[in-house]
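Following: one structure in structure tokens, then a few remarks.
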Amino acid sequence: MNATDLFSVTDEERRRALDHARFAAAEAANVPDLPAGLQLRPVTRVAVIGAGTMGGGIAMSLASIGIPVTLVDANAEGLERGLQRIRDNYAGSVKRGRLAEADMAQRLGLITGSIDIADVRDADMVIEAVFEDMELKKNVFRRLDAHARPGCILATNTSGLDVDEIAAVTGRPQDVVGAHFFSPAHVMKLLEVVRAAKTAPDVVATLMDLGRRMGKIAVLARIYPGFIGNALFRNYTREAHFLVEDGALPHEVDAALKKFGYAMGIFAVHDMAGNDVGYQTRKAQMATRPADRRWNDLIMKLCDIGRLGQKTGKGWYRYEEGGRTPHRDPELEAWIAAESARMGIVRREIPEDEIIKRCLYGMINEGAKLLEQGIALRPSDIDITYLTGYGFPEHHGGPMYLADRIGLENVLADIRRFHERDGFWWQPAPLLERLVREGRRFADLQATPA
């Protein structure tokens, strides 16, 4: 397949991709092994632990459907900041004409603050939304186990931690489930429902239904580092960073991704979110990570020299004071070239079709691994995760749908070529190899297990 085929779609292909997106959104609600007529647990009151941006957004999502929420934080200052952020968000919606003042007052009236975790005692569900740290979350769940009533659903808003490990600190692992909301939670439409080994079927069904009631698309995932969304996203970002080490510049990678259909390129996204997001976690992992594969540490080095992104005026790009428009920075580009030389990499010009293939095909290969291991139920679940949570261009239908359009044999041929050249990260997924060998597509897996 040539570069033009990757970037452009016909009107008919666009229509089919949009039809697939609608199909995928509807299909995600179908969990085959949940018994017909399964009784849902009542959810009439919810407690949210953590009044940060995520916790506040979750509270707003619940209040929008009339559910009273107790928002619990560790201290009064953090709680007040969280409540004020909620008030400001609602006020902004009123100012823009998206919410009536009466509705704002009604929703604010449903959200009550507390600094006492014992105030979860009346909740039918507790959603923990504290910092992404395993020991912190386990400590919260030990305390929830002591205070929550029997039968209360205990959900953790983790973006990739092991929910089984969190559930194991409680005496009720059957009530524990992952609820990965996306930020801002009151806006983003995706909810990953993460089924742990002992999560009860009615807990899964209840959270899936609650997501639907909040206007979200709930997608079921099993436990895996990053679940569905972040598992693929790791491959996307890793290759983007390797491309910069190999010879592309950030604006070239971003331009190719925007030409493909993304609203923003990955390096502009990094600068907007802050390059220091996840810095401590990555730093801690360096001591124990395997030495048999290539790693990218440019983003950590960028933080070490103070280029955190928009908030410092410099990141992968430079920003005018008070502005958010990314501008090329010769200083940054010289630094990248020096880093490549220090690593012994001879930089080369990289064509835009290689940029797109390396960013996308790693995601497709990872998606095949998730299907084979049963982490994702079906290819369309991966597609709708990416369409609703990660800005994948809707007219391409999602990564697995796109792979079928390109032709799995073409995708596999490039993956094998990248594997021969670049090693570990491009080991072809056995499922992908099997589908090509059998002349089948990902679409053929929709109704049958991988």
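Quickly run through region 171-195 and pick out the residues that are within 15 Å of Lys137 (Cβ to Cβ) and surrounded by fewer than 23 Cβ atoms within 10 Å (Cβ to Cβ). Outline the logic, then answer.
So in region 171-195, the residues within 15 Å of Lys137 (Cβ to Cβ) come out as 173, 176-181, 194.
Answer for region 171-195, where residues must be within 15 Å of Lys137 (Cβ to Cβ) and surrounded by fewer than 23 Cβ atoms within 10 Å (Cβ to Cβ): just Pro173.
Checking the structure you have, find out if any residue of region 72-88 is in contact with a Phe, Trp or Tyr (Cβ under 6 Å, 6 or more places away or on another chain) and at negative phi.
No, region 72-88 contains no residue that is in contact with a Phe, Trp or Tyr (Cβ under 6 Å, 6 or more places away or on another chain) and at negative phi.
Considering every residue within region 187-196, establish whether at least one is of a type in the set (Asp, Glu), outside the structural domain of Thr388 (by TED's automatic domain parsing) and touching a Phe, Trp or Tyr at 6+ places or on another chain (Cβ under 7 Å).
yes
For region 243-261, what are the residues that are buried (at least 19 other Cβ atoms within 10 Å of the Cβ) and in a loop (DSSP other than H, G, I, E, B)?
Ala248, Leu249
In the list Leu83, Leu79, Leu71, which residue meets the criterion of being within 30 Å of Arg142 (Cβ to Cβ) and either at pLDDT below 95 or touching an Asp or Glu at 6+ places or on another chain (Cβ under 6 Å) (or both)?
Leu79
I'd like to verify a number: residues in region 161-179 that are farther than 16 Å from Leu220 by Cβ and touching a residue at least 60 places away in the same chain (Cβ under 8 Å), how many?
Residues flagged as farther than 16 Å from Leu220 by Cβ and touching a residue at least 60 places away in the same chain (Cβ under 8 Å) within region 161-179 amount to 1.
Given region 1-101, what helices (runs of 4 or more DSSP H) lie entirely inside it while holding 2 or more residues that are surrounded by fewer than 16 Cβ atoms within 10 Å (Cβ to Cβ) and free of Cβ contacts under 8 Å to residues at least 40 places away in the same chain? Outline the logic, then answer.
Numbers: elements: 3-7, 11-27, 53-63, 76-95.
Counting at least 2 such residues, we get 11-27, 76-95.
Taking Gly113 as meeting all but one of (1) of a type in the set (Gly, Ala, Ser); (2) surrounded by fewer than 16 Cβ atoms within 10 Å (Cβ to Cβ); (3) outside any helix (DSSP H, G or I), write down the number of the exception.
Just one mismatch for Gly113, condition (2).
Do we have Leu108 as assigned to a helix (DSSP H, G or I) and among the aliphatic types (A, V, I, L, M) here?
In short, yes.
Provide a single number: the residues in region 405-428 that are in a loop (DSSP other than H, G, I, E, B) and of a type in the set (S, T, N, Q).
1
Quick check, is Ile345 assigned to a loop (DSSP other than H, G, I, E, B) and either in contact (Cβ under 8 Å) with a residue 24 or more places away in the chain or in contact with a strand residue (DSSP E or B) (Cβ under 6 Å, 6 or more places away or on another chain) (or both)?
yes
Of the residues that make up region 339-347, is at least one in contact with a Ser or Thr (Cβ under 9 Å, 6 or more places away or on another chain), at pLDDT 95 or above, under 19 Å from Phe242 (Cα atoms) and not aromatic (Phe, Trp, Tyr)? Quick ask: steps written out before the conclusion?
Here is the first cut: in region 339-347, the residues in contact with a Ser or Thr (Cβ under 9 Å, 6 or more places away or on another chain) are 346-347.
Okay, now just the ones that are also at pLDDT 95 or above, so 346-347.
This time we only want the ones that are under 19 Å from Phe242 (Cα atoms), so: 346-347.
When the remaining residues are screened for being not aromatic (Phe, Trp, Tyr), the result is 346-347.
Yes: one or more hits.
Which one of Arg16, Arg45 is closer than 25 Å to Arg378 by Cβ and either at pLDDT below 95 or not aromatic (Phe, Trp, Tyr) (or both)? Write out each step before concluding.
Details: Arg45 fails: closer than 25 Å to Arg378 by Cβ.
So the residue among Arg16, Arg45 that is closer than 25 Å to Arg378 by Cβ and either at pLDDT below 95 or not aromatic (Phe, Trp, Tyr) (or both) is Arg16.
Sort through Leu144, Leu136, Leu71 and tell me the only one that's in the same structural domain as Asp164 (by TED's automatic domain parsing) and in contact with a Gly (Cβ under 6 Å, 6 or more places away or on another chain). Give the steps one after another, and end with the answer.
Values: Leu144 fails: in contact with a Gly (Cβ under 6 Å, 6 or more places away or on another chain); Leu136 fails: in contact with a Gly (Cβ under 6 Å, 6 or more places away or on another chain).
Going through Leu144, Leu136, Leu71 in turn, the sole match is Leu71.
Which condition number does Val411 fail, the rest of (1) touching a Lys or Arg at 6+ places or on another chain (Cβ under 7 Å); (2) more than 30 Å from Gly215 (Cα to Cα) being met?
Condition (1) is where Val411 drops out.
Within region 377-399, work out how many residues are over 13 Å from Ala21 (Cβ atoms), buried (at least 24 other Cβ atoms within 10 Å of the Cβ) and under 14 Å from the mean Cα position of the chain (by Cα).
Qualifying residue count, region 377-399: 0.
For Trp316, are the conditions met, namely being touching a Lys or Arg at 6+ places or on another chain (Cβ under 7 Å) and part of a loop (DSSP other than H, G, I, E, B)?
So Trp316 fails the test.
Of these, Lys258, Lys283, which one is within 25 Å of Gly313 (Cβ to Cβ), more than 19 Å from the chain's Cα centre (by Cα) and at pLDDT below 95?
Lys283
From the list Ala168, Ala240, Ala231, exactly one residue is at pLDDT 95 or above, more than 20 Å from Asp381 (Cα to Cα), buried (at least 19 other Cβ atoms within 10 Å of the Cβ) and among the hydrophobic types (A, V, I, L, M, F, W, C). Which is it?
Ala240
Condition check ((1) assigned by TED's automatic domain parsing to the domain that holds Glu132; (2) surrounded by 11 or more Cβ atoms within 10 Å (Cβ to Cβ); (3) part of a loop (DSSP other than H, G, I, E, B); (4) not charged (D, E, K, R)) across all residues:
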| residue | (1), (2), (3), (4) |
| --- | --- |
| Asp271 | no, yes, no, no |
| Val277 | no, yes, yes, yes |
| Lys283 | no, yes, no, no |
| Ala287 | no, no, yes, yes |
| Arg294 | no, yes, yes, no |
| Ile299 | no, yes, no, yes |
| Arg307 | no, yes, yes, no |
| Glu320 | no, no, yes, no |
| Gly323 | no, yes, yes, yes |
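Please find, among Leu435, Leu431, Leu402, the residue that is part of a helix (DSSP H, G or I), over 26 Å from the mean Cα position of the chain (by Cα) and buried (at least 18 other Cβ atoms within 10 Å of the Cβ).
On the way: Leu431 fails: over 26 Å from the mean Cα position of the chain (by Cα); Leu402 fails: over 26 Å from the mean Cα position of the chain (by Cα).
Residue meeting the stated conditions: Leu435.
The values are calculated or read from the model by the stated rules, or taken from the named source; none is laboratory data. This is a predicted model, so every value here is computed, not measured. Heads up, the Cβs are rebuilt from the backbone with ideal geometry, glycines too, and the neighbour counts pull from every protein chain shown.
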